[in-house]
Amino acid sequence: MQKSNLAKRCLNCDLLKLCNGACPKDRFLYDDNDGIPYSYLCEGYKDYFSYIKEPLQKFLYYSRKYQNMSDIIRAIKA
Ligand code: SF4
């Protein structure tokens, strides 16, 4: 992905590392900030990635700490 191809809303989005600006084929909405299209699924991605962000961060943290999946799950639930 080239960052120059992303709309300002994506470049300024705190979910960019998770969403990656979404699939280029789905970028056909425009806002008033620039003439660069963004994904029509943006609002859904925001809801989804906001919902999984914290559990995903916990999973990544504990997956570095533990090798066994049951230990990871136990630590996340604690
Ligand atoms: S959630 Fe929306 S604004 Fe954020 S990077 Fe994805 S498409 Fe762009």
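Which residues, counting only those in region 18-39, are more than 9 Å from the ligand (Cβ to nearest atom) and either under 10 Å from the mean Cα position of the chain (by Cα) or in a loop (DSSP other than H, G, I, E, B) (or both)?
Across region 18-39, the qualifying residues are 23, 30, 31, 32, 33, 34, 35, 36, 37.
How many residues does region 40-54 contain that are surrounded by 13 or more Cβ atoms within 10 Å (Cβ to Cβ) and part of a loop (DSSP other than H, G, I, E, B)?
1
Mind checking which pairs have a first residue in region 3-24 that is within 14 Å of residue 48 (Cβ to Cβ) and a second that is more than 8 Å from the ligand (Cβ to nearest atom) and part of a loop (DSSP other than H, G, I, E, B), Cβ under 9 Å, 6 or more apart or different chains?
20/1; 22/40
If you take the residues of region 2-17 that are in a loop (DSSP other than H, G, I, E, B) and more than 12 Å from the chain's Cα centre (by Cα), which of them is farthest from the ligand (Cβ to nearest atom)?
Among those that are in a loop (DSSP other than H, G, I, E, B) and more than 12 Å from the chain's Cα centre (by Cα), it is 2.
Read the figures in this text as sums done on the coordinates, not as results from a lab. The structure displayed is predicted, hence computed values, not measured ones. So basically every Cβ, Gly included, is an ideal-geometry build from the backbone, and we count neighbours across all protein chains shown.
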